[in-house]
1. Which residue, of A:228, A:154, is of a type in the set (Ser, Thr, Tyr), away from RNA strand B (no atom under 13 Å from the Cβ) and more than 41 Å from the chain's Cα centre (by Cα)?
2. From the list A:35, A:142, A:73, A:129, which one is within 16 Å of RNA strand B (Cβ to nearest atom) and under 24 Å from the mean Cα position of the chain (by Cα)?
3. May I ask you to verify whether residue A:47 is assigned by TED's automatic domain parsing to the domain that holds residue A:90, aliphatic (A, V, I, L, M) and over 17 Å from the mean Cα position of the chain (by Cα)?
4. Which one of these is open to solvent by 20 Å² or more (accessible area, probe 1.4 Å), in contact (Cβ under 8 Å) with a residue 12 or more places away in the chain, out of contact with any helix residue (DSSP H, G or I) (no Cβ under 7 Å at 6 or more places or on another chain) and not assigned by TED's automatic domain parsing to the domain that holds residue A:296: A:89, A:128?
5. Let me spell it out: the conditions are (1) assigned to a loop (DSSP other than H, G, I, E, B); (2) away from RNA strand B (no atom under 16 Å from the Cβ); (3) closer than 29 Å to residue A:336 by Cβ, and residue A:255 meets all of them except one. Which number is the exception?
6. Going through A:139, A:109, A:157 one at a time, which residue ends up being open to solvent by less than 30 Å² (accessible area, probe 1.4 Å) and not aromatic (Phe, Trp, Tyr)?
7. Would you please name the residue that is least open to solvent (accessible area, probe 1.4 Å), looking only at residues in segment A:458-485 that are within 11 Å of RNA strand B (Cβ to nearest atom) and under 18 Å from the mean Cα position of the chain (by Cα)?
8. With the structure loaded, tell me whether residue A:210 is more than 12 Å from RNA strand B (Cβ to nearest atom), touching a Phe, Trp or Tyr at 6+ places or on another chain (Cβ under 9 Å) and more than 17 Å from residue A:37 (Cβ to Cβ) or whether it fails that test.
Amino acid sequence: MDKKDHSSPLNFIQQIITADIEAGKNQGQIITRFPPEPNGFLHIGHAKSICINFGLANQYGGKTYLRFDDTNPSKESKEYTDSIIDSVKWLGFGWENRLRHASDYFDQLYEFAVQLIKRNKAYVCSLKPEEIKAQRGTLKEPGVNSPYRDRSVTENLELFEEMKLGKHENGAHVLRVKIDMASPNINMRDPVIYRILKVSHHRTGDKWGIYPLYDFTHCLSDAIEGITHSLCSLEFADHRPLYDWVLDNTDSPCHPQQIEFSRLALHYTVTSKRKLNELVDTGLVNGWDDPRMPTLMGMRRRGYTPSAIREFCDRIGVTKKENYIEMSALETCVREDLDQKSPRVMAVLQPLKVIIENFPDKDEEMDAPFHPYNDIFGSRKLPFTKELYIEQDDFMEDPPKKFFRLKPGGEVRLRYGYIIKCEAVIRDPQTGEIVTLKCSYDPETRSGTGTSIKKVKGTIHWVSASHAIDAEVRLYDRLFTVANPTGNKEGKDFKEFLNPESMKILKNCKLEKSLIEAKSEEPFQFERQGYFCVDRNDSKPDHLIFNRTVTLRDSWAKIEKANRQQKK
RNA sequence: UGGGCCGUGGCCAAGCGGUAAGGCAACGGGUUUUGAUCCCGUCAUUCCCAGGUUCGAUCCCUGGCGGCCCAGCCA
């Protein structure tokens, strides 16, 4: 994958790894893992973690495991596992034969638990969940020991065995580790490591009625795989002492080093599986892969590219500081990538009929390259005809200053075509709506002939009315109306800030005919408008649907906005 | 004095005791048959604050202040 430029500074994890390699730690090996729980789709925040874990291994000649942390069957499913696999692959990373599940280790994990019991470091606690909670103490007060803390090793062994055999009901007992109920770190107050959960697991079926918890599973899974650097987000820093304790008190094969970094937060969206799940469940978006979602599958459908996302992850850096990244950082990466990769085509989203009255009835063909600076894209012929469509926004009856497009009596260049002049505006007598523009063209101004002395300030896109194909186009905007939908002081629910205009569907769009062959995953630039792609789910050959990935940078919009504010 | 983590421009982020990289954004200008792209320029006398150590501190020490995380049989 993209190796870091040697001149770019190392982030703090790279510094640790570099030092470890120099010190000969782990025989100079680097083994990382990406450990998602299969309880939702991966989002842009996960992309950061994926890029860090796989990226670091790539960079230092190491290896990365994709490991599903599937210890809570009540929330997890194969559907999610599959989507995660797709997402990581799509992002551009591979794991060869290193796909694992924590559930692969259930037998070994059970043995490690038995080992802790035998060492008198774990006990079966028969308190009710509320009692455990009550006895855990608070942030400021220590907890109290469980009355079951001193059960004999034999009794613990028997009970744990019975739990495994399904002889007890959900919640009747748990296995706890014996550390310190007075620890200032609540995670160390005899945390639960196994609970009874009579739920069938999407991989192990009904084999188990007890499932290990994260703190016990994760460190040992890391150790079993020989992970050297176990990278996770900041909220797990408090769990590190427990991570180390479990490894220190079992015969674990090795002792990986846990390092925490801050997770990614993005303006105008949410990066929490719980909240995204809520949006999906309540039908506020159309599924996990809705193009407005910050999920990798949503971004893919929207037209974001893996390389743009990787570049973004690279630019935002890796630190322990809370960060809140502006959308523009991501969108710039998408635009930079798409600018190079996209053929330019013409598409009129909100058509306005233009009739060129002095144009002959015979069609002409205009040469139009597909890319402004890369010849490899080639070119196509565009039919130029008497009747065509232009964008409604490209005509104004009473335009403000610096409006370089069409206006009554004004001239504009039709891209790759002729310069036309607006002679008359035809309205619907009923509604007063402008329906047609009567124009004339200047035959001396044919594109590419170089004969034209005439210079005109504006160039607009167009499509021949008789040759255009119809399509639906979906315009997407930010999902929320505020930068931080979860951080408002009034304590409002984040869903109250959903942007009602996050999706705008245009049904009557007119596209140049070359687009008939567009395939999903192929980016296009609709000139002067933005980057678009075929919707991979909904588009059909007889009903084309395009998604707007991102607009072009629009300095006219800024001028307009400034004008509007000046008027106020 | 519960514990942990963190404070460098609007948003990220280098910096590791020798006098504030880079990216995004913003703002000016140039090229342009996409108001795109591209190019050029501007943008922290100062690093949360206050003391201290030092010839010298964003970096070290002390004390404040501010933010985030933790009381699931979730991960």
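The values are calculated or read from the model by the stated rules, or taken from the named source; none is laboratory data. Keep in mind that what you see is a predicted model, and the values were worked out from it rather than measured. Neighbour counts run over all protein chains shown; Cβ positions are idealised from the backbone, glycine included. We work out accessible area using only protein heavy atoms, side chains counted, and drop any ligands, DNA or RNA first. Shrake-Rupley method; radii C 1.70, N 1.55, O 1.52, S 1.80 Å.
1. A:154
2. From the options A:35, A:142, A:73, A:129, the qualifying one is A:35.
3. Working: assigned by TED's automatic domain parsing to the domain that holds residue A:90: yes; aliphatic (A, V, I, L, M): yes; over 17 Å from the mean Cα position of the chain (by Cα): no.
Considered against the rule, which asks whether it is assigned by TED's automatic domain parsing to the domain that holds residue A:90, aliphatic (A, V, I, L, M) and over 17 Å from the mean Cα position of the chain (by Cα), residue A:47 comes out as no.
4. It is A:128.
5. For residue A:255, the exception is condition (3).
6. Going through A:139, A:109, A:157 in turn, just one is open to solvent by less than 30 Å² (accessible area, probe 1.4 Å) and not aromatic (Phe, Trp, Tyr): A:109.
7. Quick first cut of segment A:458-485, residues within 11 Å of RNA strand B (Cβ to nearest atom) only: A:458-462, A:483-484.
This time we only want the ones that are under 18 Å from the mean Cα position of the chain (by Cα), so: A:483-484.
Working: A:483: 31, A:484: 62 Å².
Filtering first and then ranking leaves A:483.
8. Against the criterion (more than 12 Å from RNA strand B (Cβ to nearest atom), touching a Phe, Trp or Tyr at 6+ places or on another chain (Cβ under 9 Å) and more than 17 Å from residue A:37 (Cβ to Cβ)), residue A:210 does not qualify.
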